[in-house]
1. Can you name the residue in segment 104-114 that is out of contact with any helix residue (DSSP H, G or I) (no Cβ under 8 Å at 6 or more places or on another chain) and among the aliphatic types (A, V, I, L, M) and, of all such residues, is least open to solvent (accessible area, probe 1.4 Å)?
2. Would you mind stating whether ALA165 is more than 18 Å from MET72 (Cα to Cα) and of a type in the set (A, V, I, L, M)?
3. Would you mind telling me which numbered condition in (1) of a type outside the set (Lys, Arg); (2) in a strand (DSSP E or B); (3) at pLDDT below 95 TRP135 fails?
4. Only residues that are open to solvent by less than 60 Å² (accessible area, probe 1.4 Å), β-branched (Val, Ile, Thr) and more than 25 Å from THR42 (Cβ to Cβ): list them for segment 78-103, please.
5. May I ask you to verify whether LEU130 is more than 22 Å from GLU30 (Cα to Cα) and either open to solvent by 20 Å² or more (accessible area, probe 1.4 Å) or part of a helix (DSSP H, G or I) (or both)?
6. Out of the helices (runs of 4 or more DSSP H) lying entirely within segment 1-77, which hold 3 or more residues that are modelled with pLDDT of 90 or more, of a type outside the set (Gly, Ala, Ser) and open to solvent by 30 Å² or more (accessible area, probe 1.4 Å)?
7. Could you go through segment 145-152 and let me know if any residue there is in contact with a Phe, Trp or Tyr (Cβ under 9 Å, 6 or more places away or on another chain), assigned to a loop (DSSP other than H, G, I, E, B) and open to solvent by 70 Å² or more (accessible area, probe 1.4 Å).
Amino acid sequence: MRWACGLLAAVFVAWSMIAQAAELGQPTGEVVLTVAGAIGATNRGPYDDFEDGFFKHHDRKFDKAATFDFAMLEGLGLHAVTVTYDKWPKAFRFEGPWLKDVLAAAGASGKDISVLALDGFASEISAADLAAYDWLVAVKRDGRYLDIGQRGPLWIVYARRDGKAISEEDEQRWPWAAFLIEVK
């Protein structure tokens, strides 16, 4: 009888994981973000040495991942933050889903993350920093989608809750041209 309870529990866990993956869905457009590492909701298989040349170039491999296109990211809800930084020509309005919602959609179970940009820049974001700021996965700036030459496809930003001006340290922590989030 014990083995039957164990088998039933294993089937329930497996079914739950399949249901999570089904909820995430498959991207119908071009994939702009991959979330890998300590996640529970996936919609793609493991790293492939031939197909994943860009991940190979950056020496990033994974067993499973959650991939998102623009529609999936926007489906998590578009929020806006306006950021003023004295080294920019003006204040910019960024739109996109909250980073916490992207991580939740991927079933993230880790605490810290690493965000990798197309040029190889990686930003390490601790659980404390994730909690301290309202991080946004920006898909738009001033109403226009971010192009590769305009720091896109994604730019991870935040507006300070304490009302202080954005510092150089803040701006340097924001990976632009982001394409991979690794949950640790």
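The values are calculated or read from the model by the stated rules, or taken from the named source; none is laboratory data. Model, not experiment: these values are computed from the prediction. Note that we place each Cβ from the backbone using ideal geometry, even for glycine, and neighbour counts take in every protein chain shown. Each accessible area value is taken on the protein alone, full model and side chains, heavy atoms only, with ligands, DNA and RNA left out. Shrake-Rupley method; radii C 1.70, N 1.55, O 1.52, S 1.80 Å.
1. To start, the set of residues in segment 104-114 that are out of contact with any helix residue (DSSP H, G or I) (no Cβ under 8 Å at 6 or more places or on another chain) comprises 104, 108-110, 114.
Restricting the remaining residues to those that are among the aliphatic types (A, V, I, L, M) gives 104, 108.
Numbers: ALA104: 73, ALA108: 39 Å².
Only one residue fits best here, namely ALA108.
2. Values: more than 18 Å from MET72 (Cα to Cα): yes; of a type in the set (A, V, I, L, M): yes.
When the stated conditions are applied, ALA165 passes them.
3. For TRP135, the exception is condition (3).
4. Once the filter is applied, which keeps residues that are open to solvent by less than 60 Å² (accessible area, probe 1.4 Å), β-branched (Val, Ile, Thr) and more than 25 Å from THR42 (Cβ to Cβ), segment 78-103 yields VAL81, VAL83.
5. Numbers: more than 22 Å from GLU30 (Cα to Cα): yes; either open to solvent by 20 Å² or more (accessible area, probe 1.4 Å) or part of a helix (DSSP H, G or I) (or both): yes.
Against the criterion (more than 22 Å from GLU30 (Cα to Cα) and either open to solvent by 20 Å² or more (accessible area, probe 1.4 Å) or part of a helix (DSSP H, G or I) (or both)), LEU130 qualifies.
6. Values: elements: 2-24, 53-57, 70-75.
Hits in segment 1-77: 70-75.
7. Looking through segment 145-152, at least one residue is in contact with a Phe, Trp or Tyr (Cβ under 9 Å, 6 or more places away or on another chain), assigned to a loop (DSSP other than H, G, I, E, B) and open to solvent by 70 Å² or more (accessible area, probe 1.4 Å).
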